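> Pasting in a structure now, in structure tokens, and then I'll have a few things to ask.
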Amino acid sequence: KSGTNQVHGSAFEFFQNTDLNAGNLFTHIVPILHYNQFGGTVGGPIRKNKTFVFFGYQNTRQTGTTAFTNGSVPQPAFIQGNFSQLLGAQVGTDALGRPVYNKEIFDPLTSRNVVNSAGQTVVVRDPFVGNIIPTSRLSPAAQKVAALWPAPQSNAVSANWNFVGANLTYTKTYDLRLDHNFTDFDKLMVKYSKPFSRADVPAEFPDPRTGGSFQKAPLHFVTLNYVHVFSPRATNDLHLNFWQFYQKRTMGGSGTTSLNDLGIFGLPFGADRTYGTPTFNFTNFDIMGSAYSSIVFQLQQSKSVVDTAS
């Protein structure tokens, strides 16, 4: 709104805090929350009856936590190729009469055709001794990615990880408006607004390269309005508008980690683009990498001219 011939202002704050909020009736736990919304406005004359200014500001900041419960990460032995912990009881025999055990791992390089007792040609493979894959057979890239996992908090194969990560939601807005009356028939208004938002989503694991996302979105609004009164029956209202929005979303490890850093070679720009850890999906373990599978750097803008003659 426009300023007036008198200076007026306002101020406000809305505040919430973990220490002041009530807890959950059933769990007796107070969720962690720090919420602060504050700002104010001020308006008044630069030249009485001629030029006026108005300024507004608002800031909202919320910090809290995101709990990750019953997550599953591999045991250190698994990362080294040792899956002896998973080897179960005998479930049968193969075509050569050898015992086969539950969750037994077989060497794909030993595949060969044999004739079973029924005269059928079938494929058999040799198991890894002790259900242990030799270190020489492990992918260097897989070992580098697996090293980002934290150590499990128990000896269980699954549901062995709990973590609490910090999240942040932050927005602020500036608004500035100038009004000038050249005459009673010519009025000019210029307005500039700058909203800004930021959202940090935590990763499930302590290493910042393992996930999470960080999003920033600055905006700019500029409006120029010129009104001319020709007569009591004729008015012209001209608007010039500019709008720009630049969304930036990055993944965990952005700016520090490239594909080559993770041992992944052969892809374009694998060494040059430090876009962070890509998403890895696993059948029995939690996702490694950002929940968002892509980075966004998106610039949008719009310009318009609107003239209304009445």
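The values are calculated or read from the model by the stated rules, or taken from the named source; none is laboratory data. These numbers come from a predicted model, not from an experiment. Quick reminder, even Gly has a Cβ in these numbers, built from the backbone with ideal geometry, and neighbours come from all protein chains shown. Side chains are part of the model used for accessible areas, which takes the heavy atoms of the whole protein and leaves out ligands, DNA and RNA. Shrake-Rupley method; radii C 1.70, N 1.55, O 1.52, S 1.80 Å.
> Counting only C-alpha contacts under 8 Å and six or more residues apart, can you give the relative contact order of the chain as a whole percent? Write out the running numbers ahead of the final one.
On the way: 727 pairs, mean separation 45.4, N = 310.
After rounding, I find 15 percent.
> What does the helix-only formula give at 222 nm for the chain: each DSSP H stretch with n ≥ 4 adding -39500 (n - 2.57), the total divided by the residues, and the result rounded to the nearest 500 deg cm²/dmol?
Result for the chain, helices only: -500 deg cm²/dmol.
> Let me ask something else. Using a cut-off of 24 Å between alpha-carbon atoms, which lysines can reach K194, once sequence neighbours fewer than 8 places away in the same chain are excluded?
Partners within reach: K1, K172, K216, K248, K303.
> For W243, W149, what's the largest-to-smallest order of accessible area, 1.4 Å probe?
Ranked from most to least accessible, the order is W243, W149.
> Assigning unit charges at the beta carbon (Lys, Arg +1; Asp, Glu -1) and nothing else, what dipole magnitude in debye, to the nearest 20, does the chain show about its Cα centre?
The dipole magnitude comes to about 840 debye.
> Taking the Cα-to-Cβ direction at K248 and at I46 and moving 7 Å from each Cα, how far apart do the two end points lie in nm?
3.1
> Which aspartates and glutamates have a Cα less than 12 Å from the Cα of K50, not counting those fewer than 8 places away in the same chain?
D179, D184, D186
> Along the Cα-to-C-beta direction of D186, a point sits 7 Å from the Cα; which residues of the range 227-244 have their amide N less than 15 Å from that point?
Backbone N within reach: 227-231, 236-238.
> On to the next question. Calculate, for the chain, the solvent-accessible area per residue in square angstrom, rolling a 1.4 angstrom probe over the heavy atoms of the protein chains. Show your work: numbers first, answer last.
Details: 18810 Å² over 310 residues.
It amounts to 61 Å² per residue over the chain.
> Can you give the net charge of the other residues whose Cβ lies under 14 Å from the Cβ of N236, counting K and R as +1 and D and E as -1?
Cβ neighbours under 14 Å give a net charge of -1.
> Working out 0.36 nm times the residue gap between H220 and F68, then minus their Cα-Cα distance, what length gain in nm do you get to one decimal?
Fully extending the segment from H220 to F68 adds 51.1 nm.
> Among F68, T41, F54, whose Cα lies farthest out toward the positive end of the dipole of the chain, if unit charges sit on the beta carbon of Lys, Arg (+1) and Asp, Glu (-1)?
Projecting each Cα onto the dipole axis, the largest value belongs to F54.
> Taking 0.36 nm per residue of sequence separation and subtracting the Cα-Cα distance, how much length would be gained by fully extending the chain between K303 and V129, in nm to one decimal?
Gain in length upon complete extension: 55.7 nm.
> Could you derive backbone 3J(HN,Hα) for the range 95-106 from the dihedral phi with the Karplus parameters 6.51, -1.76 and 1.60 (θ = phi - 60°), listing whole Hz in sequence and x where the residue is Gly or Pro?
With coefficients 6.51, -1.76 and 1.60, one gets 5, 9, x, 7, x, 10, 10, 4, 6, 7, 9, 10 Hz.
> For the chain, modelled as a Gaussian network with Cα springs under 10 Å, which listed residue fluctuates most, T169, T27, T223?
Maximum among the listed residues: T27.
> The list (i) 39, 19, 18; (ii) 65, 25, 15; (iii) 43, 21, 16 gives values of semi-axes √(5λ) of the Cα gyration tensor in Å, and only one came from this structure; which label was calculated from it?
(ii)
> Which of P232, N284, S310 sits closest to the plus end of the dipole of the range 174-310, meaning its Cα is farthest towards the positive end, when Lys and Arg get +1 and Asp and Glu get -1 on the C-beta?
P232
> Run the accessible area of the chain with a 1.4 Å probe and give the carbon-and-sulfur part as a rounded percent.
Within the chain, the accessible surface is 57 percent carbon and sulfur.
> Top mean-square fluctuation among S258, S111, S231, Gaussian network model of the chain, C-alpha springs under 10 Å?
Top of the fluctuation ranking is S231.
> Please give me the summed charge of the neighbours of S254: other residues whose Cβ is under 13 Å from its Cβ, Lys and Arg +1, Asp and Glu -1. Intermediate results must be reported in sequence, preceding the final value.
Numbers: positive: R209, K216, K248, R249, R273; negative: D200, D261.
Neighbourhood net charge equals +3.
> Run the 1.4 Å probe and let me know the accessible area of I29, rounded to the nearest 10 Å².
100
> What figure, in Å² to the nearest 10, do you get for the accessible area of Y275 with a 1.4 Å probe and non-protein molecules left out?
110
> Still on this structure, I have one more. Along the Cα→Cβ direction, 7 angstrom out, place labels at T235 and R61. What is the inter-label distance in nm?
4.3
> Quick one: accessible surface of F265, probe radius 1.4 Å, all protein chains present, in square angstrom to the nearest 10.
140
> Filter the trypsin sites (Lys or Arg not before Pro) in the range 193-291 to those in DSSP coil with at most 13 other Cβ atoms within 10 Å of their Cβ, and list the result.
R233
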